[in-house]
Amino acid sequence: MQHRSGVRVTDQEGWDEGIPRPIFFLSYAHSPRGAGRPRSVSNLWEARLFRDLCDAVTDLSGWDENEPPGFMDSGLNVGEGWSDRISEALAHCRVFVPLYSVHYFKSQACGQEWAAFTSREVLSVTPGGGAPSAVVPVQWVMVPEKRLPPVAKALQFDHQAFGERYRTEGMQPLLKLNSFRSDYQLAVYRLAQRIVEVAERHRVRIGGRRDFQDYDSVFPAPEPRRTLRISVAACDVNHLPDGRSRQSYGTAPHDWRPFPGGSNEGIARRAAALAKEWEFHASIEPFEEEAARVLAGERPEAPGLLLLDRWALLDARLRETLQRLDACNPTWVGLMEPWSADDPECTTRQEELRDLAQQTMVNLRSHREQRARLRGVDVISSMDEFESVLPHVALSAMRAFEDLEPPDPGAPPGPAPNGGPPPAPRPNLRDERFKNGHDPDDPSSPSPGGGTP
């Protein structure tokens, strides 16, 4: 018994008599729809292959039914018996024809169609050989071997007879390009031959009445996009060192705008938007909390990106925290140091603050210079350069994160994966900032070091 949406479904409940039994079921991934574009328009090429394949299968098999010899769901609308029609065809068809593509193996519905068909018992008329299969795959768009799911890799299928162009290009390019017309016709004919041969050589038991959506997909769930945790060590308008004006700052460190004359958007938000363009999820995290996790020896949950304002290094307490963070050698944290050459204040103190950054961020700077084509990069001097360099830093941090040894669920708490200190009570850096009566949220409250908290 299976349950779906609270409805009890019996696998062996019979189908009505007289239901058509198509020779093949064409399984394909629906193309993404544009605004207002119906599904029937989105999959014109698949529909064209289906028509041509039906014609060839009819000629080769002698099919004389009123229904076409194949089934494709192109004319069905969700809510109008859509699921029942697909489930019915999957339970009765003789051959399953999946159109391989990257999109296909990401589709849960396609994985459920495959599962529904292969749940049926298959017998071979010809004795001998391995386990019989009535799945005849098509390379619709070429998919590298390493990207095939296990269920597809396990199929032993020879495409040699389909032609050289098909084996190198896939079926879709042959269909789209007029110069490949004869190659397409050969591939369709050979595919139709294979479908008819498999249908005649195998007997596939009719399946029970069961909604195909009740099956678990045979494809692995797609990996979620990696999160990039962005933090900012910077000044804010209420806590500025001597010689630094307010124009590049907001009320919080993540509001920092290092490049004058541009957008009012903080550098952290721009970094998050860029990360999204490069298929990361991005979160903006308080630097104090991110540093506390590293100093406590906690195992990281995701790669990190640290945006450093060198002016913030003039605060002794913050500089000490950054030194301790760097000493833990968090390889999964990428470092970027935006620094505007067009800012007169930055130009005046460039050498002083550069030396301070080199002394404070030894390990993180070393990792940055060794990775991702960033050798010799000291600071990021413009927004264009920031946008160009960020994906390299993010990907390098992701690779370092993936290189960490996986945790042992049965092991007691131990050192951090980078060899840092063992877990300890997480330091409360916010409490540290209130030392000696200093309130960082009160502009009138004096800062002990005269710098940013």
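Give me the residue from region 136-164 that is of a type in the set (A, V, I, L, M) and closer than 16 Å to SER107 by Cβ and, out of that set, farthest from the chain's Cα centre (by Cα). By that ranking, first place goes to VAL138. Of all the criteria given as (1) touching a helix residue (DSSP H, G or I) at 6+ places or on another chain (Cβ under 7 Å); (2) touching a residue at least 60 places away in the same chain (Cβ under 8 Å), the one not satisfied by ARG205 is (1).
Taking the criterion of being more than 34 Å from the chain's Cα centre (by Cα) and not in a helix (DSSP H, G or I), the only residue of region 299-327 that qualifies is ASP315. Among the residues of region 100-122, the one identified as assigned to a strand (DSSP E or B) and either of a type in the set (A, V, I, L, M, F, W, C) or outside the structural domain of PRO173 (by TED's automatic domain parsing) (or both) is VAL122. You will find that of ALA316, ALA302, the residue that is more than 24 Å from PHE386 (Cβ to Cβ) and in contact (Cβ under 8 Å) with a residue 24 or more places away in the chain is ALA316 and no other. Take the residues in region 197-229 that are aliphatic (A, V, I, L, M) and within 15 Å of the chain's Cα centre (by Cα); name whichever of them is surrounded by the fewest Cβ atoms within 10 Å (Cβ to Cβ). The residue in question is ALA221.
Looking only at residues in region 1-54 that are of a type in the set (Ser, Thr, Tyr) and at pLDDT 90 or above, the one that is nearest to TRP114 (Cα to Cα) is SER27.
Consider region 256-285 and keep the residues that are within 25 Å of the chain's Cα centre (by Cα) and assigned to a loop (DSSP other than H, G, I, E, B). The one that is surrounded by the fewest Cβ atoms within 10 Å (Cβ to Cβ) is GLU279.
When the residues of region 329-360 are filtered to those that are of a type outside the set (Asp, Glu) and within 16 Å of ALA397 (Cα to Cα), the one that is surrounded by the fewest Cβ atoms within 10 Å (Cβ to Cβ) is ASN329. Of the residues VAL78, VAL57, VAL97, only one is of a type outside the set (Phe, Trp, Tyr), outside any helix (DSSP H, G or I) and modelled with pLDDT of 95 or more; which? Going through VAL78, VAL57, VAL97 in turn, the sole match is VAL97.
Against the conditions (1) without any contact (Cβ under 8 Å) to a residue 12 or more places away in the chain; (2) under 30 Å from ASP84 (Cβ atoms), LYS276 satisfies every one except (2).
Of the residues in region 281-302, not one is over 28 Å from ALA327 (Cα atoms), at pLDDT below 95 and in the same structural domain as GLU345 (by TED's automatic domain parsing). Within region 155-176, residues that are assigned by TED's automatic domain parsing to the domain that holds GLN193 and touching a residue at least 12 places away in the same chain (Cβ under 8 Å) have Cβ atoms under 8 Å from residues that are of a type in the set (Asp, Glu) and part of a loop (DSSP other than H, G, I, E, B) in no pair, counting only partners at least 6 apart in sequence or on another chain. Screening the candidates VAL188, VAL97, VAL151 for the property of being closer than 18 Å to PHE212 by Cβ, surrounded by 19 or more Cβ atoms within 10 Å (Cβ to Cβ) and either of a type in the set (A, V, I, L, M, F, W, C) or assigned by TED's automatic domain parsing to the domain that holds ARG48 (or both) yields one hit, VAL97.
The values are calculated or read from the model by the stated rules, or taken from the named source; none is laboratory data. Treat the numbers as computed from the prediction; the structure is a model and nothing was measured. Positions of Cβ are backbone-derived with ideal geometry, glycine not excepted, and every protein chain shown enters the neighbour counts.
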